[in-house]
Structure formats: structure tokens, C-alpha cells
1. What nm distance separates the two modelled labels at SER316 and LYS273, each placed 7 Å from Cα along Cα→Cβ?
2. Calculate the FRET efficiency for ALA305 and VAL374 from the Cβ-Cβ distance with a Förster distance of 45 Å, rounded to the nearest 0.05.
3. Over every pair of different alpha-carbon atoms in the chain, take the mean of 1/r and invert it; report that Kirkwood radius in Å.
4. For the chain, with only Lys/Arg (+1) and Asp/Glu (-1) charged at the beta-carbon, what is the dipole magnitude about the Cα centre, in debye rounded to 20?
5. Quote the charge dipole size of the range 98-230 about the Cα centre in Debye, to the nearest 20; the model charges only the Cβ of Lys and Arg (+1) and of Asp and Glu (-1).
6. Can you compute log10 of I(q)/I(0) for the range 180-311 with the Debye formula, treating each Cα as one identical point scatterer, at q = 0.09, 0.15 Å⁻¹?
7. Subtracting the Cα-Cα distance from 0.36 nm times the residue separation, let me have the gained length for GLU254 to LYS462 in nm, one decimal.
Amino acid sequence: MSDYLSRRSFLGGLAMAALLPLTPAIFLDSAEAASVALIEPPRIRSSKGVLNLTLKADETMLPFKGSKRWALTYNGSIPAPTLVLNPGDTLNIKLANATSMMTNLHTHGFHVSPSGNSDNPLVEIMPGKSFQYTIKIPKNHASGTFWYHPHHHMFVAKQLSAGLAGAIIIEDAIDKQSEFKNSSDRVMAFADPRIGIDSSVMDTYMMDQAHGRLGENLLINGQLSPQIISKPGVVERWRILNACSSRYLNLTVENSEIWLIATDGGRLSEPIKIESIEVAPGQRAEVVIKPRRIGTHRILDGSEAVGTLKNTKQASQSFSPKLMGVIPTLAATNSRTIKILGKGLMDMGPGQDSHEMLYAFDGNKFDPSVINQVVKLGTTEDWTITNESLMEHPFHIHAWSFLVIDNGDGQPEEGLRDVVSIPPSKSVTIRLKFNDYKGLTVYHCHNLDHEDFGMMGIVQVK
């Protein structure tokens, strides 16, 4: 078996109550960045089962290449603070909207209620207003790397690409075993913001929106080409988050052994040795890195260097933890098919707008008043997502992780996901158990310009 794991195959191998004064991440050009260490976002931990936090979404000017760049931030930093929780905790977030747009908040990957003031994607927070979220995490929730970002339809791509995103870690007892405890546990949030001096950076041309906007620079934790200084003698544990609105990542580290230990929905049952990994927009991957020799090793996205890893002493630590990821065995009781329709620029014929774009499921653009799918609580379903477009689309559903039964090549994939890529002209089948929660939530393309153009639907569990 090849050590290389592509987007199609890598899964197959498989408490603070006040507004926090935070220092914005430092933005640097590549010449300056060669000797500048990676800055990690501050971690805010729950206490006695509760994490209370105020997040302020606001416009901010941040340093970049000796000048300033305009951004949207939570509490003044990019990335936003990393929230650290335990199964059974309650997360209380007051979101204050100081932007000029409507917004809201999504805890991406959480298996929690999608209703009321929990992880409700249909909430609207007007400019100048606040909203109190109370999110109760079940005691049996999987550990892993999750994240939070805006989710108000029509504004998601703009707000995320401008900087509104942060990581969430749910820890359990396995995270405290020696092989994890002694590693360098890092959040690695990748983003590609548009750079400019005012809010016009959120504006895009129609062709950009058709393909999905891409920024000029790929940043790690808000920095351009940072250096990671490895602790002498220990391995690196990276929690990789693709917080880009549409960019796929293809990551590796030169001269290094790499193990995949977790995907979106939590840990695998055992580490899988890989050479590189592709991460779709919205996906997460936890990997362990062990350089094969002392030196400075490039972190690559494809052929482009986006940072470096420097080690001064070989890691003596072996890595063979008992991950004990629980991958459920499920039998489906129902099935349905969802068709992806996507055309970047449609010729609508004489007298019509020839530049209209179509991004939709089953030919229907998102309508918040329309329920597209109805499922019964407690049932397990197979959803086959058929891509009738010429582009790859990352499919995401809220509140429930899923198994990939057929990855488009007739093969199942291991591990739990909440985002899966649907190749052009192919079908992918996922298996979901709609347990624990009734209510309305959404499924959508995580190329967020496509979502904003209407590639989203509502599912009701009752």
C-alpha cells in the first residue's frame, strides 16, 4: 500500500466571562518570517464544567508587510481564541456583532442541539446587537478538533475569509496519556484572506465566486511562512484546520514521518502512517510529525513552502498510542439521493441575465422557509450525493458526523467525517444516524461562495 494518502484515499487508510484583551497575530512577509516563531492563539479552558465567553465580531486593522491590513476578527485576533472543553461541559458564548453585516455563530462538528440558542444556523444577529448562545455538550461527545465561524446565509464566505474563525478542542482521558501529553500539541489554522486596506477586500468578481474565492497568501495562524521550533526530543502533534473558504490543502513536511491520528469526527482506532494529506475546506486532521533528522524542514502545500519546522534534537519518543477511536457499525433503514447542480456562468438565453450562476441541491436554491429533507429521529440513512457539475464540492451537514460508505470509487473510508468531497461527475454515499436531537438544521457545500449562492438545504428531524 502506498504511504501517500490523497483526498480520495487518506480516509480509506484509515473559563472566562469577560471580553478578553488579546494581541492580534503578527503578519509578516516571507523574508522576515524565516526566523519568526509560530504564534498560537490563546487557549481558553472550561472550569467546573462551564466556559463563559464574550466574543466581539468587529473590524480590525492588523499589521502586514510593514503596513496595515483590514480584517474581521473575534476579540481582535486572527485566529480567534482556541476554546478547550470536556465532554459534558456547557459552552456559553455571548456574540456581540460590531460589524456592518448580519452574522451568527456555528460550532462546526459539534453533535449538539441545532435549535433555540444552541448551534442554530438560522439565527440572525443584526449589526449592533448581541445574542446569547448556550451549547450543552453531551457527556459521550467525541474528543477532537472542531471550530467556530459565522454561518449567516449570503455573508459566510465574506466573513470567514476576512478572519472570523477559531478552533475548539474537546479533550478526554486519552489526551492525557504520556505519548500525547509529552508531544507539542499545536493548533494549525490555515487561511487565505484577501489583503487590503478596507472592507472592499470582501468584494469579489463573479468568476471568483463561481470557482470560490482564493486569497493571495496562505497563512498559518495568521502568519506568513512562520517557523515552528520543535521541543527537543519530542514529537509534534498538529491539529490542522482548513479555515479557507474554498481552498483545498495538500500538506506534507519534508524529511519527516507523519501519522494520521484523527479526522473530523474524532480519533482513529490506530495511527496511520502517511506521506501527505489533503484537507478540504472545513475539514480537520490531527497528525503527529517526527523529523527523520536534525535541521529545518519545509512545510509544503503542494510544491509551495508555507512554513518550516526546526528541530535541534532527534525525537527519541516512539509513537504507538492506543487511540481507541469508536467507529460505529450501522445498518441503514432508509436511503435518499441529493443532486449537486453547479454552473459558474449560465447562458440564460435572449432577454435574460447571461451571467446568472446556479449552485443548488436538486435544482432548488436555498430558501429558509422550505424544508428539503425530513427524517425520523433515531433512524440511520444512506445519503448518496451525486455531483452533476464539473467542480469538486465539499459536502457538510450540521449536528451529525457520518461514515463514508462509498467514496466515489466504490470504496468505503474509515473514520468519521462531517465534510466529504464529492468529485465531479461522481456519487458519494454517506451513512448518518440521526440520533439525540430533533429540529431544523442545514446541509451545504463548504465552498462557501457556493453556499452563499444557494447550495444549501434544510433537514428536519422529528
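1. 2.2
2. Using R0 = 45 Å, I get an efficiency of 0.40.
3. 22.3
4. I would put it at about 1420 debye.
5. Once rounded to the nearest 20, the dipole reads 260 debye.
6. So the normalised log intensities work out to -0.28, -0.73.
7. Extra length from GLU254 to LYS462 when fully extended: 69.9 nm.
We did not get these values from a lab; they are worked out from the coordinates using the rules stated. Owing to the predicted nature of the structure, the values given are computational and were not obtained by experimental measurement. Positions of Cβ are generated from backbone atoms using ideal geometry, with glycine treated the same way; all protein chains shown enter the neighbour counts.
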